[in-house]
1. Tell me, please, whether a residue that is within 7 Å of another protein chain (Cβ to nearest Cβ), touching a residue at least 24 places away in the same chain (Cβ under 8 Å) and surrounded by 15 or more Cβ atoms within 10 Å (Cβ to Cβ) can be found in the stretch A:82-98.
2. Just name the residue that is farthest from DNA strand D (Cβ to nearest atom) out of those in the stretch B:100-124 that are among the hydrophobic types (A, V, I, L, M, F, W, C) and loosely packed, with under 15 Cβ neighbours inside 10 Å.
3. Given the conditions (1) crowded, with 16+ Cβ neighbours inside 10 Å; (2) modelled with pLDDT under 95; (3) touching a helix residue (DSSP H, G or I) at 6+ places or on another chain (Cβ under 7 Å), which single one is not true for B:I127?
4. Counting only residues that are among the small types (G, A, S) and part of a loop (DSSP other than H, G, I, E, B), which one in the stretch A:65-111 is farthest from B:W50 (Cα to Cα)?
5. In the stretch B:100-121, how many residues are of a type outside the set (K, R), within 13 Å of DNA strand C (Cβ to nearest atom) and out of contact with any helix residue (DSSP H, G or I) (no Cβ under 7 Å at 6 or more places or on another chain)?
6. Exactly one condition in (1) surrounded by fewer than 18 Cβ atoms within 10 Å (Cβ to Cβ); (2) modelled with pLDDT under 95 is false for B:F70; which is it?
7. Can you name every residue in the stretch A:122-159 that is more than 16 Å from DNA strand C (Cβ to nearest atom) and in contact with a strand residue (DSSP E or B) (Cβ under 8 Å, 6 or more places away or on another chain)?
8. What are the residue pairs meeting all of these: first residue in the stretch B:129-152, first residue more than 26 Å from A:E163 (Cβ to Cβ), second residue surrounded by fewer than 16 Cβ atoms within 10 Å (Cβ to Cβ), Cβ atoms under 7 Å, and 6 or more apart or on different chains?
Number of protein chains: 2
Amino acid sequence: MAADVPPDTTPAGTTPAGTVPAGAVAARAADRPAGSSPFALGLLLRQAHWRAASVMSEALRPLGVELRHFAVLIVLVERGATVQRDLVAATGSDKAGIMRVVDDLERRGLAVRKAVPGDRRARAVEITPRGAELVDAAHAAAEPQAEHLVAHLGPGEAEQLGELLTRFSYPDGGGPEG
Amino acid sequence: MAADVPPDTTPAGTTPAGTVPAGAVAARAADRPAGSSPFALGLLLRQAHWRAASVMSEALRPLGVELRHFAVLIVLVERGATVQRDLVAATGSDKAGIMRVVDDLERRGLAVRKAVPGDRRARAVEITPRGAELVDAAHAAAEPQAEHLVAHLGPGEAEQLGELLTRFSYPDGGGPEG
DNA sequence: GGTTTCAAGTGAAACGGTATCGGGTGAGCC
DNA sequence: GGCTCACCCGATACCGTTTCACTTGAAACC
């Protein structure tokens with residue numbers, strides 16, 4: 001099996017003048033220090049998000065929920081009953097992903113889909129008392145982990161980071177609302 | 001203090017025809033403002049990374065490469081020929097993912113696998129002149145986009161954000177170098 | 001009343017991660 | 001000194017998750 005591997009079309013014939021030292025090849029691009037690369041911020045955000053997600057996911061594991069579920073639950077707590085369309089916008093996820101998550105939440109009794117009076121096509125998702133309990137427990141479980149995440153930063157720097165990230169993420173000034 | 005994180009802009013008055021009052025269901029958990037939740041930082045990082053990735057990915061699209069490829073190319077430019085094992089550590093990805101990316105890069109002639117003299121099992125990945133060209137072009141293409149990303153921040157705040165993120169992401173102080 | 005637009009749901013394809021396998025090296029043992 | 005064993009690196013196979021294109025039903029608009 002495994003015959004679908006593409007043929008090794010690696011000509012490698014584009015090597016004039018013999019062996020080119022690695023340094024000379026990337027002369028222009030390498031002149032820029034890593035910090036000033038336009039991609040540095042994105043790479044940094046990727047790394048930072050990975051670290052935060054790892055720690056938070058670990059904190060949530062004993063509760064039987066995952067981050068994607070919890071992101072939706074938090075929105076439900078903050079905004080009350082929310083139409084799935086707004087859930088998509090609030091979490092940045094895809095429609096299908098939100099639907100899958102709401103399915104899981106409904107199956108576990110942490111949230112329910114309710115018909116919206118005015119619009120029969122829309123479905124409002126609302127958290128259940130059990131879901132609110134779980135959110136509360138998750139907050140308690142995650143708090144020490146969250147503090148550990150920023151323990152090595154100076155005083156006030158965590159808040160500063162959060163403030164900068166908020167302004168970076170929502171350039172229109174509105175914030176996650178809406 | 002600028003317009004901070006809107007702590008509790010709970011949409012009490014904004015009732016878009018479907019908002020059912022959450023009532024006492026989420027009484028305890030909802031008491032916490034969003035900014036003080038242990039998950040706030042992680043959610044913020046997710047959103048920020050999503051925004052940066054969207055813009056950068058869009059900038060890279062005309063060049064025919066994706067972010068995961070480019071992350072490897074950048075490491076190759078900065079460090080020269082690199083064993084795949086170190087590539088995994090530098091990018092934070094997995095072995096399998098790095099292998100797939102290197103496969104793509106090799107197929108496109110942007111990088112080549114070379115045998116390491118001392119260790120016959122290891123394979124060093126080196127960028128080709130064509131790959132270096134592409135990195136250079138990508139830098140040029142992405143620079144205005146990167147500036148646009150932080151255009152609404154105050155002077156020096158982008159650097160401050162980068163510095164905080166670096167310290168957050170690498171608590172051991174080492175930085176991405178390994 | 002017909003058309004256009006929007007929300008929710010569904011199925012297929014792609015991406016990312018984990019577990020496993022084969023090749024290779026070096027250290028310890030016979 | 002040759003051999004075996006434990007570890008390392010790269011590659012492959014498999015699985016879960018995410019993402020994209022399509023369908024259905026309902027509301028707005030002309």
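1. Checking the stretch A:82-98: at least one residue is within 7 Å of another protein chain (Cβ to nearest Cβ), touching a residue at least 24 places away in the same chain (Cβ under 8 Å) and surrounded by 15 or more Cβ atoms within 10 Å (Cβ to Cβ).
2. Only one residue fits best here, namely B:A115.
3. With respect to (1) crowded, with 16+ Cβ neighbours inside 10 Å; (2) modelled with pLDDT under 95; (3) touching a helix residue (DSSP H, G or I) at 6+ places or on another chain (Cβ under 7 Å), B:I127 is out only on (2).
4. A:G109
5. 6
6. B:F70 satisfies all of (1) surrounded by fewer than 18 Cβ atoms within 10 Å (Cβ to Cβ); (2) modelled with pLDDT under 95 except (1).
7. We begin by selecting, within the stretch A:122-159, every residue more than 16 Å from DNA strand C (Cβ to nearest atom); these are A:128-159.
Of everything in the stretch A:122-159, those that are more than 16 Å from DNA strand C (Cβ to nearest atom) and in contact with a strand residue (DSSP E or B) (Cβ under 8 Å, 6 or more places away or on another chain) turn out to be A:T128, A:G131, A:V135.
8. Here the result reads B:P129/A:T14; B:R130/A:T14; B:L134/B:L63; B:D136/A:R28; B:A137/B:L63; B:A138/B:L63; B:A141/B:L63, each pair linking the stretch B:129-152 to a residue that is surrounded by fewer than 16 Cβ atoms within 10 Å (Cβ to Cβ).
The values are calculated or read from the model by the stated rules, or taken from the named source; none is laboratory data. In this text the structure is predicted, and so the values were computed from the model without any measurement. With ideal geometry, Cβ positions are generated from the backbone for all residues, glycine too; neighbour counts draw on all protein chains shown.
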